[in-house]
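Novice: If you scroll down you'll find the structure; I have some questions about it.
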Amino acid sequence: MFKGAAAEHRAAAYYIDQGAAVYWPAVPVETDLIVEREDGVIDKIQVKYASWTKTKGHSATYEKLNVRTYGWSGGRTKTHDGPEYDFLFVISEDGRMWEIPACTLPPHAIGLDVRGGKTQRKPTKRWDKYRVAHLHN
């Protein structure tokens, strides 16, 4: 699993593989990394680990791959000013990664995938367009 600093280092490795320069801010609050892309664009990145949580459905229990989008448990939620970062970079336990623009995020959490339960239930696809390749596969 890539939680905490390990997730930040994995995200940094992804950006370096893309040709970007990566910096860690002196005091990370909502910005874990600062990325200077090859074209000179500088983005603030929040890195999060997505975990599976059990959900009770109509007739079956299934799991959702969730991640909080702002703050932490019991913490802040999105304000009218938006977040203090440009992208939310998410890493799941199986190595999948997403780079999601902060302007597209809802106030509390997002579900990236589902598994188990009834077979006719459709998986979450809303965030698939922001998925980036596995690292070093």
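The values are calculated or read from the model by the stated rules, or taken from the named source; none is laboratory data. Remember, it's a predicted structure, so these values are computed and weren't measured experimentally. Cβ sites come from the backbone with ideal geometry, for glycine too, and all protein chains shown count toward neighbours. Surface areas here come from the heavy atoms of the whole protein model, side chains and all, with no ligands, DNA or RNA. Shrake-Rupley method; radii C 1.70, N 1.55, O 1.52, S 1.80 Å.
Novice: Quick check: is even one residue across the stretch 66-77 touching a strand residue (DSSP E or B) at 6+ places or on another chain (Cβ under 9 Å), modelled with pLDDT under 90, exposed (fewer than 13 other Cβ atoms within 10 Å of the Cβ) and among the basic types (Lys, Arg)?
Specialist: Scanning the stretch 66-77 turns up no residue that is touching a strand residue (DSSP E or B) at 6+ places or on another chain (Cβ under 9 Å), modelled with pLDDT under 90, exposed (fewer than 13 other Cβ atoms within 10 Å of the Cβ) and among the basic types (Lys, Arg).
Novice: Additional query: Please count how many residues of the stretch 19-49 are under 15 Å from Ile91 (Cβ atoms) and outside any strand (DSSP E or B).
Specialist: 1
Novice: Go through the stretch 42-55 and give me each residue that's at pLDDT 85 or above and of a type in the set (S, T, N, Q).
Specialist: Selection gives Gln46 alone.
Novice: Further question on the same structure: Only one of (1) open to solvent by less than 60 Å² (accessible area, probe 1.4 Å); (2) of a type outside the set (Lys, Arg); (3) modelled with pLDDT under 75 fails for His58. Which number is that?
Specialist: (1)
Novice: Right, something else. Of all residues in the stretch 4-46, which are without any contact (Cβ under 8 Å) to a residue 24 or more places away in the chain, under 22 Å from Cys103 (Cα atoms) and small (Gly, Ala, Ser)?
Specialist: Result: Ala12, Ala20, Gly40.
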